[in-house]
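This report concerns only the one structure given below.
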Amino acid sequence: MSQPLGRVLIDRDRIAERTRELGARLTADLLEDLQREGHGSESAQRVVLLPVLTGAMVFAADLVRAMPLAMQIRAISVSSYPGKSTTSQGVTLRGDFPDDLAGTHVVLVDDIYDTGRTLAALQELVRKQSPASIRTCVLLSKQVERLAEASVEYAGFEIPPEFVIGYGLDYDGMHRNLPDVRVLDPDTDT
Ligand code: PRP
């Protein structure tokens, strides 16, 4: 088997530890909201987690298992970096977006906050529906100038402005299954 590409930026153990922390914080904050409203943790229909496919699938799979709380999980699909693009090509929604989020506690989950376009667009789609709350949780927040401002309350790691792959993140559809987050140099690694 060939060596994985790039160099490790965040290894799987740090990711696992941080994901557990984020899951615990989210759970505590959501339960506080539900209790304030007079609902118990059994109010299953009220928490809706929206993983943003495809990149968030690995992170979301680990995050939800660190959230001992009744919830719906409804994946949504968006693309901004098709194929070999390493710069955002604008947000395209693939497939349907939920239209019944009024009164629910929504948690958007994505792998990376980069230009902000994806999350800003999705937050707008959610906000229009008058949810009880919107939270956004990302594994990675890239230190770049944002092109659109999103609210990101839960971020696992701040990372430098480099192109990263692994743990759900791809280059041209590949490398999502690498267990660590790695820095890719598209000029020399591809
Ligand atoms: C990536 C990533 C985020 C988004 C972040 O998705 O998963 O959703 O870009 O970038 P932004 O902050 O600049 O908008 P991508 O469009 O590559 O689709 P994918 O999840 O299928 O890889």
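Where the centroid of each part is defined by its Cα atoms, how far is region 136-190 from region 64-88 in Å? A separation of 13 Å, based on Cα centres. The angle separating the long axis of helix 12-36 from the principal Cα axis of greatest extent in the chain is about 20 degrees.
On region 1-107, 50 percent of the accessible area sits on carbon and sulfur atoms, based on a 1.4 Å probe.
For the residues ILE112, ILE165, ILE73, a GNM of the chain with alpha-carbon springs under 10 Å puts the largest fluctuation on ILE73.
Using only side-chain charges placed at the Cβ, +1 for Lys and Arg and -1 for Asp and Glu, the dipole size of region 93-145 relative to its Cα centre rounds to 120 debye. The shape of region 107-190 comes out prolate: with a ≥ b ≥ c from the C-alpha gyration tensor, a/c is at least 1.5 and a/b beats b/c. DSSP beta bridges confined to the chain are antiparallel in about 30 percent of cases.
Most simply put, region 88-190 has about 25% antiparallel DSSP beta bridges, counting only bridges with both residues inside it. For region 1-105, what does the alpha-carbon gyration tensor say about shape, rounded, prolate or oblate, given a ≥ b ≥ c as the root eigenvalues, a/c under 1.5 as rounded, and a/b over b/c as prolate? In terms of gyration-tensor shape, oblate.
Placing +1 on the Cβ of every Lys and Arg and -1 on the Cβ of every Asp and Glu, with no other charges, gives region 1-125 a dipole of roughly 460 debye about its Cα centre. Projecting the Cα atoms of MET174, ALA102, SER88 onto the charge dipole of region 78-190 (Cβ charges, centred on the Cα centre) puts ALA102 farthest toward the positive pole. Helical content of the chain, expressed as a calculated mean residue ellipticity at 222 nm, amounts to -8000 deg cm²/dmol (DSSP H runs of 4 or more residues, -39,500 (n - 2.57) each, divided by residue number, nearest 500). Accessible area per residue for region 13-111 is 48 Å², calculated with a 1.4 Å probe on protein heavy atoms, without ligands, DNA or RNA.
The values are calculated or read from the model by the stated rules, or taken from the named source; none is laboratory data. The structure displayed is predicted, hence computed values, not measured ones. Glycine also receives a Cβ, built like all others from the backbone with ideal geometry; neighbour counts cover every protein chain displayed. Heavy atoms of the whole protein, side chains included, go into the accessibility calculation; ligands, DNA and RNA do not. Shrake-Rupley method; radii C 1.70, N 1.55, O 1.52, S 1.80 Å.
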